[in-house]
Structures are given as C-alpha cells and as structure tokens.
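Take a look at the structure set out below.
Readers should treat all values here as calculations from the given coordinates under stated rules, not as data from a laboratory. On a predicted model such as this, the values are computed, not experimentally measured, just so you know. Every residue, glycine as well, gets a Cβ built from its backbone with ideal geometry; the counts of neighbours run over all protein chains shown.
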C-alpha cells in the first residue's frame, strides 16, 4: 500500500502513469469541483500537477482526500484500474469524401486532429474522451457538409483562427455551470460551403 492506495505487490514507487490514469484523476477532480469539495483555485493547482505527473505515486496524493471510502481506515479504491486507453498520437488525420465520420465514447484525443473532408458529415463527441494535453488543436480543411463538435463542461473553444467562407458557424453557449477549464479546443484552418456546430452537453444530474 502506498499513500493509502493499494497498488499490488508487483507495483513499485516508479510505476509509470498512463494517459488513462491521468484522465481518471482529472475526472475525479472535476467531480469534486461540481459538488463543492474543491474550489477553482485548488482545482487549477491539482489539474496542473495531474497533467505533469509521470508516475502513479505523483497522481495518488491529488485525490487521496477526495475518494476515501467510509469505514475503510482511509483506504482508497484505486482510480487507475481498468482497460488502458488507446495510445496517444501527436496527429490524427481524418479523410472522407461524401461519407460520414463519427467518433464518440471513450477515445484518446491526439494533440492535433486534422479534418480533410468534402461533402461529408463529421461528428466529434469529446464528452467522454481521454485528454492527452491541456489543448486540442482541430485543423479543418473542409469543403461542404457538416461538422458537429460536442463538448463537456469545462471545455472551451477558440475559433479565432478559423477561416469560414460561404459557411455557417454556430457556437452555442456553454453549460454555464462555472466548471474550471479542463480542455482548450482551438479551431484553425478553413471551411468552405459547410456548417460547423459547436455545443455543450449538460452535466448529468
């Protein structure tokens, strides 16, 4: 047992943390902000530490006061168990013509996502995605069709570097729940004769 987390006899203080491990800790921190156990300043500090963590031992102290099980003498249910997410890639390129692209559920976000589509429908749901960095750059080279982007609370979008011509850009209001920023989504590139919709999914009650 290390720092109140049972990690097994085969583990060691140098056990490396995966992107999935960091994402699980970040989700716990977000939940703690929503229910009032962390204030925004504490969240920002712990988020920075989680994103920089390279080992399980570095992650564990960030949540030890958030997930203790009553009656278990401070022992914790490990937030790092489960099926590892797919490896993080620097660049993911999506190419499609006159078709449909859909990505949702639990998927690992690349550092940069390039859309090369023509007269297609693209739906990118980030609400359950594993974040690999504090920023995701989505580079569009889109002609015709629709691009739909679904975000979770705490995600912000910046479309100032996106060139739109003969197209519609519709960005809805966020959930308005004052969740601290967890992911910065930067839209760059260009769209011609298409439509881009950005919306936030309200948190589950």
- Interatomic Cα distance distribution for region 91-200, bins of 10 angstrom, percent: 15, 51, 30, 4
- Task: Once you have the Cα-Cα distance between residue 168 and residue 55, take 0.36 nm times their residue separation minus that, and quote the gain in nm to one decimal.
- Result: 36.2 nm
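As a footprinting exposure proxy, order 173, 95 by other Cβ within 10 Å, with the fewest listed first.
On the way: 173 7, 95 13.
Arranged by neighbour count, lowest to highest, 173, 95 become 173, 95.
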